[in-house]
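Engineer: One structure coming up, written as structure tokens, with questions to follow.
The values are calculated or read from the model by the stated rules, or taken from the named source; none is laboratory data. None of the values given here were measured: they were computed from a predicted structure. These area figures cover heavy atoms from the full protein model, side chains too; ligands, DNA and RNA do not enter into them. Shrake-Rupley method; radii C 1.70, N 1.55, O 1.52, S 1.80 Å.
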Amino acid sequence: MNFLLRLRIPLLVSAVSFLAACSTSPLSRIDSNRALYESWPIEVQEAILSKKVIVGMTPEMVQMAVGKPTQVITRSVQSGDDEVWVYRTGGGGGGLLSGVSIGGGVGGVSVGSSGVGGSGGVAEENEIVFRNGVVSRSSFK
């Protein structure tokens, strides 16, 4: 009985991780709006599949490529306003499954926590700047 319980935990963690990864992939976003995706130029379609942001993309294209931003900021510049989409990842952000590693540790699963001063990795921040409704600059690589 104890063996079955120990077996279910890694399977549950694997299933949740798999589903979370699938729901944030460009393919799932493309599938939910395939007609729109197919109406865009091939260069844009390729960028979306590669999770890249290129100059000239619209907000809809960017969302399909990399998802919704963590934060949206409006900055005033001489030529008007820029809308800046900020994407933050890593840094021990503290989601439900942060610190869970499949395949690490004894028995294939290692669970840890990371908070301030923890070992949750380095926080990464990317910005996409929209001017006149299209990407004018991006720090996504």
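Engineer: Given the Cα-Cα distance of Val55 and Ala35 and 0.36 nm per residue of separation, how much length would full extension add, in nm? Intermediate values should be presented prior to the final figure.
Structural biologist: Values: separation 20, 0.36 × 20 = 7.20 nm, distance 2.20 nm.
Between Val55 and Ala35, full extension yields an extra 5.0 nm.
Engineer: Between Ile42 and Thr24, 0.36 nm times their residue separation minus their Cα-Cα distance comes to what? Write down the numbers at each step before the final one.
Structural biologist: Details: separation 18, 0.36 × 18 = 6.48 nm, distance 2.18 nm.
Contour length minus Cα-Cα distance gives 4.3 nm.
Engineer: Here is a further query. Quick check: at a probe of 1.4 Å, how many percent of the accessible area of the stretch 32-75 sits on carbon and sulfur atoms? Let's see the in-between values first.
Structural biologist: Working: 1390 of 2660 Å².
That fraction is 52 percent.
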